[in-house]
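Working notes for the structure below.
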Amino acid sequence: MPINLLFDYPEFILAGLIGIVFLRSRNESDGAIHLPDWFSQPAAQVVYACPRSYIDWLSRLLTWSGMGNNHAFRTLSCVKCYSACIVLLIAAFFVNIPLSLLLAVIVFFLPDAVLLGLMRKRQQAIREALPQAVDLMVLCVDAGLSLDATLQRISTDSTVLGRALNEELAHLCRDILFGMEKERAYLELYSRTGVDELRALGSSLNQSGKLGLAIAKILRGQSELLRGKLAQKVEERAAKLPIYMAFPLWFCIMPALLLIVLGPSLILFFKQILPNAGFLH
């Protein structure tokens with residue numbers, strides 16, 4: 001009886017297989033859940049068959065989204081390939097083959113759009129938290145802390161800064177602590193985030209260290225520059241609002257407004273003019 005029930009409801013078998021995959025995929029070293037190699041390797045090979053530029057773009061998106069670990073690319077490959085296969089198999093029973101292939105291709109590239117949104121959201125969070133971080137750095141430097149101690153102090157402050165910026169500053173402190181040159185560490189910081197403001201900040205700090213300039217003065221200039229850029233972006237968004245409002249205004253609000261204003265006049269016009277003209281009896 002249970003065997004017949006399983007054959008009548010194959011989704012139970014699929015759910016059980018998925019559960020076994022995730023139960024056997026827990027990494028004992030860090031406690032995180034990773035897909036096993038026998039499950040993720042075929043999907044990764046399919047994605048690796050794509051053009052090299054597309055693979056590099058995906059890797060860059062994963063890194064800038066804060067998911068630059070070794071298992072992130074394989075997990076993304078599994079989501080892309082297996083979801084596309086499932087959609088293809090299901091759609092083949094209801095629509096024709098070309099439409100099924102089109103749906104599978106759309107589902108295959110849909111995680112890229114989601115990943116692109118996550119990347120932009122993380123970069124925006126870093127940009128918004130960066131001026132406050134620079135202001136805190138100015139306070140720490142004025143209090144007598146060195147630049148390394150300042151970065152270490154700022155990376156542990158989670159009350160004002162965002163989580164993404166805390167993680168990147170903590171990573172920067174680890175790189176410097178392990179002996180990486182500061183110039184390369186600043187470049188790596190930009191490579192992990194893709195935020196131009198961090199590259200400008202790292203370049204300024206690097207130049208101040210080489211030329212012996214006052215770090216507090218450099219940081220104050222960077223803070224003013226960052227706040228000016230944020231203000232310009234806010235003004236740019238405000239200037240675009242009339243363009244965004246044009247479509248709903250002309251196609252949604254104006255027809256209803258014209259109907260309310262001109263409707264009674266048109267009714268009186270047809271009642272008075274048309275009977276005199278002989279069209280209505």
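The values are calculated or read from the model by the stated rules, or taken from the named source; none is laboratory data. Given the structure is predicted, the values throughout are model-derived calculations rather than measurements. Neighbour counts are summed over all protein chains in view; Cβ atoms, including those assigned to glycine, are modelled from backbone coordinates with ideal geometry.
Which count do you get for residues in the range 45-73 that are small (G, A, S) and more than 27 Å from Y190 (Cα to Cα)?
1
All but one of (1) small (G, A, S); (2) more than 30 Å from L219 (Cβ to Cβ); (3) crowded, with 17+ Cβ neighbours inside 10 Å hold for A133; state the number of the condition that does not hold.
Among (1) small (G, A, S); (2) more than 30 Å from L219 (Cβ to Cβ); (3) crowded, with 17+ Cβ neighbours inside 10 Å, A133 violates only (2).
Check the range 153-160 and report whether any residue there is part of a helix (DSSP H, G or I) and out of contact with any helix residue (DSSP H, G or I) (no Cβ under 7 Å at 6 or more places or on another chain). Lay out the reasoning, then the answer.
Step one: filter the range 153-160 for residues part of a helix (DSSP H, G or I), giving 153-155.
Checking the rest, the ones that are also out of contact with any helix residue (DSSP H, G or I) (no Cβ under 7 Å at 6 or more places or on another chain) come to none.
No; the residues of the range 153-160 include none that is part of a helix (DSSP H, G or I) and out of contact with any helix residue (DSSP H, G or I) (no Cβ under 7 Å at 6 or more places or on another chain).
So how many residues does the range 61-85 have that are over 12 Å from the mean Cα position of the chain (by Cα) and either free of Cβ contacts under 8 Å to residues at least 24 places away in the same chain or assigned to a helix (DSSP H, G or I) (or both)?
Residues of the range 61-85 that are over 12 Å from the mean Cα position of the chain (by Cα), as a first pass: 68-85.
Add one more test, that the residue is either free of Cβ contacts under 8 Å to residues at least 24 places away in the same chain or assigned to a helix (DSSP H, G or I) (or both), and what stays is 69-70, 72-85.
The total comes to 16.
Considering only residues of the range 47-60 that are in a helix (DSSP H, G or I) and not hydroxyl-bearing (S, T, Y), which is farthest from A113 (Cα to Cα)?
Checking each candidate, the answer is R52.
Would you confirm whether or not the range 87-102 contains a residue that is crowded, with 20+ Cβ neighbours inside 10 Å and either closer than 30 Å to K229 by Cα or modelled with pLDDT of 85 or more (or both)? Talk me through it step by step, then tell me what you get.
The first filter runs over the range 87-102 and keeps only residues crowded, with 20+ Cβ neighbours inside 10 Å, leaving none.
No; the residues of the range 87-102 include none that is crowded, with 20+ Cβ neighbours inside 10 Å and either closer than 30 Å to K229 by Cα or modelled with pLDDT of 85 or more (or both).
Assess whether I13 counts as being over 30 Å from D196 (Cβ atoms), at pLDDT 90 or above, surrounded by fewer than 16 Cβ atoms within 10 Å (Cβ to Cβ) and outside the structural domain of R199 (by TED's automatic domain parsing). If you could, list the steps in order and put the result at the bottom.
Working: over 30 Å from D196 (Cβ atoms): yes; at pLDDT 90 or above: no; surrounded by fewer than 16 Cβ atoms within 10 Å (Cβ to Cβ): yes; outside the structural domain of R199 (by TED's automatic domain parsing): yes.
Criteria not met by I13.
I'm trying to understand the selection: among the residues of the range 142-183, which are among the small types (G, A, S) and more than 16 Å from L198 (Cβ to Cβ)?
Result: A143, G144, S146, A149, S158, G179.
Would you mention how many residues in the range 35-60 are within 25 Å of L99 (Cα to Cα), under 18 Å from the mean Cα position of the chain (by Cα) and hydrophobic (A, V, I, L, M, F, W, C)?
Counting residues in the range 35-60 that are within 25 Å of L99 (Cα to Cα), under 18 Å from the mean Cα position of the chain (by Cα) and hydrophobic (A, V, I, L, M, F, W, C) gives 0.
Just to be sure, is L262 assigned to a helix (DSSP H, G or I), of a type in the set (A, V, I, L, M, F, W, C) and out of contact with any Leu (no Cβ under 6 Å at 6 or more places or on another chain)?
Taking the combined requirement at face value, the residue satisfies it.
Farther than 30 Å from T150 by Cα and either surrounded by 12 or more Cβ atoms within 10 Å (Cβ to Cβ) or touching a Lys or Arg at 6+ places or on another chain (Cβ under 7 Å) (or both): which single residue out of L249, L205 fits that description?
L249
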